Structure formats: structure tokens, C-alpha cells
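The values are calculated or read from the model by the stated rules, or taken from the named source; none is laboratory data. Every value quoted in this text rests on a predicted model; they were computed, and no experiment measured them. Don't worry about glycine lacking a Cβ; one is built from the backbone with ideal geometry, like all the others, and counts go over all protein chains shown. Calculation scope for accessible area: heavy atoms of the full protein, side chains included, ligands and nucleic acids excluded. Shrake-Rupley method; radii C 1.70, N 1.55, O 1.52, S 1.80 Å.
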Amino acid sequence: MSKRFSIVRYIQKMGETLPRMVEDIPRSVIDESAAMIGALVVRRERAAVDVPANVEAQPTVTVADLLLAYLNELGIEYMFGIPGGAIGPLYDALARSERNAGLRHVLARHEAGAAYMADGYTRECRKLGVCCTTSGPGATNLITAAACAYDNNIPMLVITGQPALPAFGKGPVQESSDTGVNTIGMLNFVTRFNTLISHPNQLEAKLISALKRAFRAPRGPVHLSIPVDILRSPSPVTKPSFDVLALLAPSSMADHDGIELLRQMLKDATKVVLLVGGWCGEAIGAILQFAALTGASIVTTPDGKGLVSPYHPLFRGVFGFGGHETAEAVLRDPDVDLILAVGAGMGELNSGGWSESLLNDRLVHIDENEDNFARTPMACFHVSGRILAIFSRLVELLNEESKSDNAEYERQRASREANNINWNPHAMLDEPDKFDSDATPIKPQRLMKDLARMFPPTTRFLADTGNSLLWAVHYLHPTIDRRIGERRMGGGGRKPAMGRRGTDSGWLRVTMDFAAMGWAIGAAVGTAIANPRAPVVCITGDGSMLMNGQELSAAVAERLSIVFVVLNDQSLGMVKHGQRLAKAEQIGVFMPPTDFAAMARAMGATAYNIRSPEELLALDVNAMCGRKGPTLLDVAIDPDEVPPMKVRVQVLAESK
Ligand SMILES: Cc1ncc(C[n+]2csc(CCOP(=O)(O)OP(=O)(O)O)c2C)c(N)n1
């Protein structure tokens, strides 16, 4: 019997012999915990014997070790990256960390993939996604993905190497300071904090500044560039001097006068609409409670869609890119007195191309990120602060008032009932016949219908830049697990968010604004690493797959049960349709046929070519979700189906 197995059996036996203590705990939880503890104990015990004989003994704690000790304190389990000479000592420290059951390295296949993985990891588990590269091309390869996280306010720690400090200016390989190809300068424009560490004593202060900045709105990536000799230097302290968890606890600051004024405005309003944006994740429970109390209709931005169940009785669709006419109709309704835009960037894609007819002086803009207020000059009022704190307080006020004031109670009940219709999200679709079509090649609308029905309610869907985003925003309507959308009612306290398993990102994840092709492929790997128990479905295009599909190999290596769905239309579909709709030249968009299933098999994944709805429905979803490794579905879709992208075409036309 193996050592791990005997430990597992021992813990299982303990579970059986302590029936009183465990009687409420399901058997699967005991087995799973036993397996985890067993693995941990064995990993710890192996540490002593696993140090390879040819590895130089480490006499002391290095700066790289201290950096990892901080990340371990934060409960961060993984660092995504690609090694190289200038970052070598960090990898030595990673090897020591792994042997001690600490933070583990995940090898990406391209540095942008590493940063996309960190992005997906942050979104899934709310811990900081960390990625590392060597100096020079490692750092420049990562820039697009860092920019994507920057534009989407995703916290991330980027660590890059540098040659040794004394060599600066003398032409060392891949020098990346201001006397070489200055990657610190390049990353300056896509990070919230960006610095070179030029002495071991600087690590703690600069790391704390970076971490604080990553989590303060506007959030985003932060960058530490650390020369190889500094990483290898003995650390001035053997363990973290700061209580980093306490330092990073979110503040509950909110504009109390603003909340009071908003409450008054709500009292005078008869019809309210909530426009829920992508940054409402943490607060979505309180926001939905607010909607239930006031009867407010809910529309979301494309990136906010995943936070609300499509079947929620107050949901009226998505406003903006790929959105629904029903959402526009709600905003257009002349009887609406207040539109509360919450945690919404209000950039081109989630403001319907800055639609002035729909967003006018009935708008109140509520956000933690005050930079976004610059986009809503039409708003009659702006409220800043932590959205969770604001909506928790509003819910409290509403509950207090309805208890003490009968008339207020009646008013709330009446508006709730007026809006509580039997809502079916399929009623809001453009071209509903295509949603039900059995035609081959498969209509993308039909593909969304089937994906939503095939996968379990806990599935995390990631839709990549391209038509995948538009099809998913408009047509993907799973019956989601309510725990994702409606978790954590009320609250707003100072509990540290780090280290929890919950997610703020909902069931559908997209990347907006910067909109980089291929983001979803790496992000799906990060999502699955962060939460191996939830099914992960990455919906992407053939162009994106050809651009960033190499991360499938990382998913194979990590044995992640991700399902990659490739919409194969032999073209850069979104641009192709954009050119057609704008009556522009059709150029630079067609690609020769590619068998992505064969490509995936060559990398060690399981794969299927799907040519009809029947072939799709015949797949064994349980097997795909349970398999220790990715599955790729190469789906031949109808390339002539026009995605719902008219807003973007309009904006481009107006810019002529
Ligand atoms: C890195 C990058 N390059 C170019 C673009 C411009 N662009 C937006 S969508 C798109 C086409 C995407 O094609 P594909 O991945 O095949 O998806 P499809 O639209 O066909 O579903 C392009 C080229 C981009 N957003 N990102």
C-alpha cells in the first residue's frame, strides 16, 4: 500500500469512527479532504529527500524566497510564467517552495498566456494572479496581456527579471533597464505601479506598495522588475515584516451623504432601472436584494451579464455590445425616473456607443472607480465608494423604512408586483428561429442554446474577443447556479477578501475595451487551476486559437478538464462581418481550413469535430467535465450568420 494511500485510509477511518462529529459532513467531503491532506503530508515529507544531489544547498533565505513567503501569506497557490536566465533565482525559490507544499509554478507556453492565466485566476478565486517572465523578450511578450488586464481593472502582480545590476550599461544579454530595451518604460503605460528593485532592502516596501495599488480602484496590474543578483541576495529579514493580509483588507468607504441623497431620490421615484456593470461582482447579492425590495428592472452591461441569472424575473437583457432590444426598451421607457448605472465602465461597448438618447439626466452613476465618472457628464448625480457598502446600506434603509412606515411598505410591494412578470429570456432574442434551427453547418445561435443546456449550472463560461463574445452575450442563457449570482447578501465589512474560494466574476466572463483576441484561452487555464471543481468552457474563434492556442498544451500538462469550443468559420469573423456591414473592402480576413481537433490531439488533448447539432448533443458532457485533461470541440459554424454587432459598426461609421 502506498504511503499516500495509507494516510488517506487513516483519515477516512477517523471519519468513520467519529460518527457524531461528522454526521453532517457528506462522505464525498471527507474523502476529498482526506485525499488533500494525504497529498500534503506526503509532499511535506518528501521535501527532505527530494532536493536533487547536484543542486547547490541554499544557506539562507534569499530575496526571492521572501517574495514567495509574502505570496504564500496571501494564500496564493500558483505563479504562471516561463523561465530564463535573468529570473533564474526566482525559479530556484519556486522549486524550494513547491517542495515545501507552498506556491507552485505553472508553465505557460507564451508569456502573454501566463498573464492571461493570472487574469483568469484572479477573476475566479479573488486572490492575486501572479505571473513572471525573464527580461527582454519575456517581458515584451507579456505586454499585450498586461494591457488587457489594465483596461479591465484586473489586479495582477507581474514579476520580470533583469541582468545583474553591475552589468547595466555594458550590453548584457536581454538588458531591460533604461540602458537597454527598456521594458520598465514599456510596462509603465499598462501598470498601476511599476518599479525596479535595486537593493534587497527595497523588496518589502515596494512589494507592499505594489500590492496595495493592485487592489485600489482603479485596480490593475503592478510590475516589479528584479535583477538576478538582487533575487539571489540574502534577504535582510527571514520572514515577512508586514501583516499583509490585514493590510490588504478592503476598506468599506462609501459616500454617506451621497447614499442619503440617493435614498431621497428613490423615495420620489416610481420606476427605477438598474444597469449592472462588470464591477458589481462582490456586491451582486446586495444589489439583487435591492432590486427585489424596489421592484427595479435589471439590465446589465455585456461584462455584467454573468452576474445575474438570465431567468431572474427582473432581468430585461443586456445593454450595449451584443445586447437586446428589451434592455433598450426598458431604458427608453418615459415612465422611468431613475437609471442607476452601477460598477459600469460606461465606455463604448457598455454604454451602447455612449447612447445619449437612452442615457440622460435620469442617470445616477455609482462606482468605486471614480475615473469612470468622467464618461457620464449627463448623469444627474455620482456616488462613489465600495459598491457592496453602498448597496448594503441602501438595503438596510429600505428594510427599516418599510418596517416603520406602512405606506412605504405598500409602495415597495406594489412596484415589486408590477414588475414581477413571468420572464423568459428567449423572448428577447434577435432571430429566435435560428436559436432553434437544426441546420448544418450549425448556426452559432443554436450552438449557444445547446452549450447552455448541456453544461451543469456551476459552469464558468469564458467568451473570447470576436464573435464568441457577441453570440454569448446575446444567446447564451444557462440555468445558472444561484450561488454564483446571489451569494453574500448584505455585509460590506472589512473581512479580508483574499483566501476565499468564492468568485466575483459570475457565470460568464468576457474581456472588454482592450479586447485582446485569445484572452479566454489562457484565462480558462487560470480559472480551472483556481477552481478545479467547476466545469470551465472556453468559447473562442479559429483566429484566436491560431493566435494563442498553444496554451492548450499547458492545460494538458496541468490535466485540467477545460472544454475549448472553437467556432470554426475559416475567417476572422467579427472583422469580416464588420467590413460587410460597413460596406468596406473585404480584405485580410480569410484563412485556409484548419482541423483544430487534429491540432489538439497532437498536443495530447481529447478532441472532436462537430458538424451538426446531433453530433454536439451526442457528446458525453459528464465524461468531458470529469476527464483529467482538456477536450477541444472544433465546431463548423455557419460563417454567414451575422452577429449582433450593429452598435460597433455605427460608432465606426460615425468616426469617418
Ligand atoms: C490581438 C488582436 N488582434 C486583432 C484584433 C482585432 N479583431 C477583433 S475580433 C477579430 C477577429 C477574431 O477572429 P476569430 O478569433 O476567428 O473569431 P470570430 O470573430 O471569427 O468568431 C479581430 C482580428 C484584436 N481584437 N486583438
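Restricting attention to the range 568-656, which GluC sites (Glu not before Pro) occupy a DSSP loop and are surrounded by at most 14 other Cβ atoms within 10 Å?
Glu585
List the chymotrypsin sites (Phe, Trp or Tyr not before Pro) in the range 98-183 that DSSP assigns to loop (not H, G, I, E or B) and whose Cβ has at most 11 other Cβ atoms within 10 Å. Which are they?
none
If you stretched the chain out fully between Arg601 and Lys170, how much longer would it get, using 0.36 nm times the residue separation minus the C-alpha to C-alpha distance? Present the calculation step by step, with values, prior to reporting the outcome.
Values: separation 431, 0.36 × 431 = 155.16 nm, distance 4.63 nm.
Once the chain is fully extended between Arg601 and Lys170, it gains 150.5 nm.
DSSP loop chymotrypsin sites (Phe, Trp or Tyr not before Pro) in the range 260-352 with at most 16 other Cβ atoms within 10 Å of their Cβ, which ones?
Tyr311
Excluding Pro200 itself, what net charge comes from residues whose Cβ is under 13 Å from its Cβ, given Lys and Arg +1 and Asp and Glu -1?
-1
Starting from the Cα of Arg533, move 7 Å in the Cα-to-Cβ direction to define the label point; list residues of the range 117-144 whose amide nitrogen is under 19 Å from there.
Residues 121-127 qualify, since their backbone N sits under 19 Å from the label point.
Leaving out ligands, DNA and RNA, what percent of the accessible area of the chain is carbon and sulfur, probe 1.4 Å?
55
Determine how large the accessible area of Met253 is when every protein chain is in place; take a 1.4 Å probe and give Å² rounded to the nearest 10.
Answer for Met253: close to 140 Å² accessible.
Taking the Cα atoms of the chain alone, what are Rg (to one decimal) and Dmax (as a whole number) in Å?
Rg, Dmax (Cα atoms, Å): 25.6, 80.
Per-residue accessible area for Lys449 at 1.4 Å probe radius, Å² rounded to 10?
30
Could you tell me the accessible area of Thr144 in Å² (1.4 Å probe, neighbours in place), rounded to the nearest ten?
70
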